[in-house]
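Trainee: Sharing a structure here in structure tokens format.
The values are calculated or read from the model by the stated rules, or taken from the named source; none is laboratory data. Since the structure is predicted, the reported quantities are computational estimates derived from the model, not experimental observations. Glycine gets a Cβ as well: all are built from the backbone with ideal geometry, and neighbour counts include every protein chain shown. Heavy atoms of the whole protein, side chains included, go into the accessibility calculation; ligands, DNA and RNA do not. Shrake-Rupley method; radii C 1.70, N 1.55, O 1.52, S 1.80 Å.
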Amino acid sequence: TSKLTLNLGLRYDLEFGPTERFDRFSRFDPYVTSPIAAQTGMALRGMMQFAGVDEESRRRWNSDANNFGPRVGFAYRAADSLVFRGGYGIYYLPGLYRIYSVSDPGFSQTTSFVSTIDGVTPVGSLSNPFPSGLDQPLGAATGPLNSLGSSVSARAREYPSPYVQQWNFNIQKELPGNLLLDVAYAGSHSAKLPISLSLTQVPPSAWGAVGDSNRVAELNTSVSNPFYGIITSGSLSGKTVMRSKLLTAYSQYTGASLALSAGNSSYHSFRLRAQKRMADGFTATLSYTVSKNIGDVNNDVTGFLDSGTGTGAGDVGYQNNYDIHNDRSVLSGDLPQRLAVSGVWQLPFGRGRRFGSHAGWFTNGVFGGWQMNGMLTLQAGFPLAIGATGSPAYAGSRTSRVSGEVAATSGDIRNRLGGVSSSQGYINPSAFRLSRSFEFGDTPRWLSDLRGDGMKNLDLSLFKTFRLGERAGLQLRGEAFNVTNSVQFAFPNATFNNKSFGIISAQA
């Protein structure tokens, strides 16, 4: 109708699991019974599978044929100066972003260069670096026992496409004086996001009571190795092995990880925007956003985007790989408040302007054609992640909070740099403690109440335009970024029990 516009659409994505021309794919299947289970007398799972062998699919993962993406949008003009808008859509992550750097055991081989054996007699040389030839990959001939006794990585066969639901609603009102007011809400929910899990964590069911030193000693006791004689190289080839190793889900491997679609996140934001449209050469825009970004994903595919990776706390992965949803927290990109104000002012001097509209060429050349621009940005800091060093055996990977203590110190940040710069650091060390054996730390992966330095930035510029006839002009610009010379400090060292904990030693 003349007041209501609807946009309705449906997108369908069909993306097949990738194949390789010569079937040079291999993967670790964590669900099948291990071929050495009977020999060891253990209920072992997991073995290598090769594309196109023994009814194994040629594809990296099963194709997902359920990717329907509806699109709904509307605009309703309630009055000449009042409009309501909204929209909803589902969008799927392309497969390119799900192809991890997971190796394909059997299809790669490294030949080591040997310069000498006895320290005197040359073996390899620049002219003949590999006199014995290159070691060739064995491919699927290595069979399901490939990588036994070493580290493996897995990709789940059932690997549905990650997707995000996005929605928004806003009200636009035109007020007197060429002022536009825009109030908006935007939200999203992401599901089946790519994550990476370690499969070799000692399960909590095998833990003892919190701080139980006897159970620690029991888990660290060497026992008879059921893999002796079966695994012939590496740390699992000896006659004994630590008891804790035999309690892990895939104890026949020194390490195992699984890439799968299991992460979730959500985002909610409220935005207020006011725009003063061009009047007497002046335009200004103010935008204020309050938001929250929360989830249980890690930076498996977005490490280069995650601000939280620079906290000095190391990998802020999952504490309990058997219950990742308990690690839900604000995410590293959470930005609770942001204010941006910008303006453009064409100074009212010179030809065609309020003052001096009939000025001569010299007067106009000096006073006319000037324009000022400015942008002010104020925003809160990104959340910090607290790591830990020196934790006892079988303790959670994160610290625990101390009741009644505030995580951040108070005062101007210049007095909280720590080290030789000030008496106190940016973080209050009394607010944290090391987790004990068989205790998961209750500090979230990222802390909403402990954030890095926020942004205070003002950019200004002054333009002067000279008209050179009807079709040409010359513009001189003077631009000052961060004209107030405001420092934005980098994240502090956030590894608890480290002598540099809480110290800020650089600019962002």
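Trainee: To the nearest 10 square angstrom, how much accessible area does TYR288 have with a 1.4 angstrom probe?
Mentor: 70 Å²
Trainee: Right, next: With the cut-off at 17 Å, report for the range 205-244 the share of all Cα pairs above it, as a whole percent.
Mentor: Tail of the P(r) past 17 Å holds 40 percent of the pairs.
Trainee: I would also like to ask the following. Taking R0 as 30 Å, what FRET efficiency do you get between SER448 and LEU272 from their Cβ-Cβ distance, rounded to the nearest 0.05?
Mentor: For R0 = 30 Å, the calculated efficiency reads 0.85.
Trainee: Kindly write out, for the range 197-211 in residue order, the coupling ³J(HN,Hα) from the Karplus curve 6.51 cos²θ - 1.76 cosθ + 1.60 (θ = phi - 60°), rounded to whole Hz, with x marking Gly and Pro.
Mentor: These are the phi-based 3J(HN,Hα) values: 10, 7, 9, 10, 7, 5, x, x, 5, 9, 6, x, 5, 4, x Hz.
Trainee: When the Cα atoms of the range 1-86 are enclosed in a convex hull and the volume is divided per residue, what value in Å³ results?
Mentor: Measuring per residue, one finds 165 Å³ for the Cα hull of the range 1-86.
Trainee: How long are the semi-axes of the equivalent ellipsoid of the range 407-495, taking √(5λ) for every eigenvalue λ of the Cα gyration tensor, in whole Å from largest down?
Mentor: Over the Cα atoms of the range 407-495, the ellipsoid semi-axes are 49, 16, 8 Å.
Trainee: Here's something else I'd like to know. Okay, helix-only estimate at 222 nm for the chain: each DSSP H run of n ≥ 4 adds -39500 (n - 2.57), divide by all residues, round to 500 deg cm²/dmol; what do you get?
Mentor: Helix-only estimate at 222 nm: -1000 deg cm²/dmol.
Trainee: Need one number: nm distance between label points at ALA206 and MET372, each 7 Å from Cα along Cα→Cβ, rounded to one decimal.
Mentor: 7.0 nm
Trainee: Tally Lys/Arg at +1 and Asp/Glu at -1 over every other residue whose Cβ is under 15 Å from the Cβ of ASN326; what's the total?
Mentor: Computed value for this residue: -2.
Trainee: A further question follows. Just the accessible area for TYR250, please: 1.4 Å probe, Å², rounded to the nearest 10?
Mentor: Number for this one is 10 Å².
Trainee: Then there's this: Can you put LYS245, LYS239, LYS276 in order of accessible area, largest first, using a 1.4 Å probe?
Mentor: Result, largest first: LYS239, LYS276, LYS245.
Trainee: Another question about this same structure. Just to check, using Stokes-Einstein with a Kirkwood Rh over alpha carbon pairs, what's the diffusion coefficient of the range 357-508 at 25 °C and 0.890 mPa s in µm²/s?
Mentor: My calculation gives 128 µm²/s for D.
Trainee: Straight-line reach from LYS276: which lysines fall under 22 Å, measuring Cα to Cα and dropping same-chain residues less than 8 apart?
Mentor: Candidates past the 8-residue exclusion: LYS173.
Trainee: Tally Lys and Arg at +1 and Asp and Glu at -1 over the other residues with C-beta under 12 Å from the C-beta of LEU175: what net charge comes out? Provide the component values of the computation, followed by the final result.
Mentor: Working: positive: LYS173, LYS276, ARG277; negative: GLU174, ASP182.
Net local charge, LEU175 excluded: +1.
Trainee: Can you pull the Kirkwood radius for the range 400-451, inverse mean 1/r over Cα pairs, to one decimal in Å?
Mentor: Values: mean 1/r = 0.0818 Å⁻¹.
Computed over the range 400-451, the radius equals 12.2 Å.
Trainee: I would also like to ask the following. May I ask for the percentage of alpha-carbon pairs in the range 119-214 that lie more than 21 Å from each other?
Mentor: 75 percent
Trainee: A further question on this structure: May I ask you to rank ASP334, ASP459 by accessible area, largest first, using a 1.4 Å probe over the protein chains only? Before the final figure, lay out the partial values.
Mentor: Details: ASP334 5, ASP459 35 Å².
Highest to lowest solvent-accessible surface, that is ASP459, ASP334.
Trainee: Here is a further query. If DNA, RNA and ligands are ignored and the probe is 1.4 Å, what is the ranking of TYR318, TYR88 by accessible area, most exposed first? Spell out each step's value before the answer.
Mentor: Working: TYR318 25, TYR88 75 Å².
Result of the area sort, largest leading: TYR88, TYR318.
Trainee: State log₁₀ I(q)/I(0) for the range 45-123 at q = 0.12, 0.15, 0.23, 0.28 Å⁻¹ as given by the Debye formula over alpha-carbon point scatterers of equal weight, solvent excluded.
Mentor: -0.73, -0.86, -1.18, -1.34
Trainee: Next up: Out of the total accessible area of the chain (probe 1.4 Å, heavy atoms of protein only), what percent is carbon and sulfur?
Mentor: Percent of accessible area from carbon and sulfur atoms in the chain: 55.
Trainee: Here's another thing I want to ask about it. So which aspartates and glutamates pass the test for LYS464, namely a Cα distance under 15 Å, with those fewer than 8 places away in the same chain ruled out?
Mentor: The reachable aspartates and glutamates, counting only those whose Cα sits under 15 Å from LYS464, are GLU479.
Trainee: Please give the net charge around ASN497, taking every other residue with its beta carbon less than 14 angstrom from that of ASN497, where Lys and Arg add +1 and Asp and Glu add -1.
Mentor: Overall, the nearby charge balance is +4.
Trainee: Given all pairs of different Cα atoms, what value in angstroms does the Kirkwood hydrodynamic radius of the range 157-254 take?
Mentor: 19.2 Å
Trainee: Just the accessible area for TYR163, please: 1.4 Å probe, Å², rounded to the nearest 10?
Mentor: The value for TYR163 is about 50 Å².
Trainee: If the cut-off is 28 Å between C-alpha atoms, which lysines fall inside it for LYS192, apart from same-chain ones fewer than 8 positions away?
Mentor: LYS292
Trainee: Send over a whole-number figure in Å² for the accessible area per residue of the range 432-496, probe 1.4 Å. Write down the numbers at each step before the final one.
Mentor: On the way: 3610 Å² over 65 residues.
Solvent-accessible surface per residue comes out at 56 Å².
Trainee: Sticking with this one: Report the semi-axes of the equivalent ellipsoid for the range 1-147 in whole Å, largest first, where each axis is √(5λ) for an eigenvalue λ of the Cα gyration tensor. Don't skip to the answer; put the middle values down first.
Mentor: Working: eigenvalues 618, 117, 37 Å².
Rounded to whole Å, the semi-axes are 56, 24, 14.
Trainee: Taking each pair of distinct Cα atoms in the chain once, what is the resulting Kirkwood hydrodynamic radius in Å?
Mentor: 28.7 Å
Trainee: On average, how much accessible surface per residue is there in the range 50-183, in Å², for a 1.4 Å probe, leaving out ligands, DNA and RNA?
Mentor: Heavy-atom accessible area per residue stands at 59 Å².
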